[in-house]
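These notes are about the structure you will find just below.
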Amino acid sequence: MLKGINALLNADVLYTLRAMGHGDDLIIADTNFPSDRVARETVLGDLLRIDASAAEVVRAILSVYPIDTFVDDAAGRMEVVGEPKTILPVMKEVQTEVSVAGGPNPMMSIERYAFYERAKDAYAVIQTGERRFYGCFALRKGVVGPEEG
């Protein structure tokens, strides 16, 4: 255990978050997402796991991970097929965590297959224990300024 670091952030996740650079994408995926297959195509090449809800995982990650403030697509959610404007409870919960961390409100909506393509180009995929549908999100890493940290 480390003081001041959310206990959900295991060593593999912390290493990966630290290794990522400005502009790299991190995918937070629910249990139904083809995480293992997609993760093999990412920069990291391995699947990471945190067994908690999507909102809990996002809260933990955003406690150490800056969201990019230079782009419009810094945070995105997989949209409901055929219903791009529908916001499900899991999406509302994650939006709250993104907003608290200073990220965009609302998050960008990403069509399902476009989300898969963005995920393949990501730095890493973290599969959560989220069992609700459409609990998939993309978070683009920002910078930590010289006065921070």
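Computed values, structure above
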{"read-out": "Hey, I110 surrounded by fewer than 21 Cβ atoms within 10 Å (Cβ to Cβ) and at pLDDT 95 or above or not", "value": "no"}
{"read-out": "Within segment 15-36, tally of residues that are over 16 Å from A114 (Cα atoms) and either part of a loop (DSSP other than H, G, I, E, B) or touching a Leu at 6+ places or on another chain (Cβ under 9 Å) (or both)", "value": "12"}
{"read-out": "Number of positions in segment 44-73 that are touching a residue at least 60 places away in the same chain (Cβ under 8 Å), assigned to a loop (DSSP other than H, G, I, E, B) and surrounded by 15 or more Cβ atoms within 10 Å (Cβ to Cβ)", "value": "6"}
{"read-out": "Filtered residue count, segment 75-85, keeping only those that are part of a loop (DSSP other than H, G, I, E, B) and under 16 Å from E117 (Cα atoms)", "value": "2"}
{"read-out": "Options F70, F115; residue that is modelled with pLDDT under 95 and either within 24 Å of R18 (Cβ to Cβ) or under 13 Å from the mean Cα position of the chain (by Cα) (or both)", "value": "F70"}
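Okay, residues lined up against (1) of a type outside the set (D, E); (2) more than 16 Å from T31 (Cα to Cα):
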site: R59; (1), (2): yes, yes
site: S63; (1), (2): yes, yes
site: V71; (1), (2): yes, yes
site: A75; (1), (2): yes, yes
site: V98; (1), (2): yes, yes
site: P104; (1), (2): yes, yes
site: A114; (1), (2): yes, yes
site: D121; (1), (2): no, yes
site: V125; (1), (2): yes, no
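The values are calculated or read from the model by the stated rules, or taken from the named source; none is laboratory data. Computed from a predicted structure; not experimentally measured. Here Cβ is always computed from backbone atoms with ideal geometry, including for glycine, and neighbour counts include all displayed protein chains.
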